[in-house]
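Here the structure is laid out as structure tokens; the discussion comes afterwards.
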Amino acid sequence: MTEQPFKTKRFSKYKTTAKRSAVMSKITSKNTKPEVVVRKLLFNAGYRYRLHKKEIKGKPDLFLRKFNTAIFVHGCFWHHHNCHIGHLPKSNTAFWADKIKRNLVRDKNNIAELQREGYRVLVIWECAITGKNKLETNYLLEKITHFLKGSENMEAITGEK
Ligand SMILES: [Zn+2]
């Protein structure tokens, strides 16, 4: 069975590829969320994946069966990355710190569990995709490809200063 990247309820009603891609381009031209950037980048490079696969711990943003790899695109604020986007707000700090700490614990457990189950995990941080430290698109793709075709179990891609 071949992977169907658009096999979501949202796209299943569009029967023809032409119509679907017209719809896709309309959506993606205004949708610049980091997760969507990664999807587009990989799809255009010929990679096929499933989105938010329930059966995989942590419902990774992308799952590439061929490479046995779960990809998480992490927002730097919500997952508390140590970078210019990841800082806690000055007000209500305790509230945010507590909320984010729970995310961190969950992330850690999910990744550990995935590795125990033999999956490979790639975390792509938001700052690699947007903001002042973002990577050049081809370089980002190169890094992702390098991981997919390599043999590391775990890697994180971040922005560069
Ligand atoms: Zn970051």
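The values are calculated or read from the model by the stated rules, or taken from the named source; none is laboratory data. Quick caveat: nothing in here was measured; it's all calculated off a predicted structure. Don't worry about glycine lacking a Cβ; one is built from the backbone with ideal geometry, like all the others, and counts go over all protein chains shown.
The table below lists the values:
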quantity: Qualifying residue in the stretch 54-76 (condition: in contact (Cβ under 8 Å) with a residue 24 or more places away in the chain and among the aromatic types (F, W, Y)); calculated: yes
quantity: Out of K143, K134, K161, K108, sole residue that is of a type in the set (K, R), free of Cβ contacts under 8 Å to residues at least 40 places away in the same chain and more than 16 Å from the ligand (Cβ to nearest atom); calculated: K108
quantity: Residue in the stretch 109-161 that is surrounded by the fewest Cβ atoms within 10 Å (Cβ to Cβ), counting only those that are β-branched (V, I, T) and not in a helix (DSSP H, G or I); calculated: T130
quantity: Qualifying residues in the stretch 75-104 (those that are of a type outside the set (A, V, I, L, M, F, W, C) and either surrounded by 15 or more Cβ atoms within 10 Å (Cβ to Cβ) or under 17 Å from V37 (Cβ atoms) (or both)) - the one farthest from the ligand (Cβ to nearest atom); calculated: N103
quantity: Which numbered condition N153 misses (of (1) away from the ligand (no atom under 16 Å from the Cβ); (2) out of contact with any strand residue (DSSP E or B) (no Cβ under 6 Å at 6 or more places or on another chain)); calculated: (2)
quantity: Set F72, F67: member being aromatic (F, W, Y) and either within 16 Å of the ligand (Cβ to nearest atom) or farther than 18 Å from G118 by Cβ (or both); calculated: F72
quantity: The lone exception for P60 - which of (1) within 15 Å of the ligand (Cβ to nearest atom); (2) assigned to a loop (DSSP other than H, G, I, E, B); (3) modelled with pLDDT of 95 or more it fails; calculated: (1)
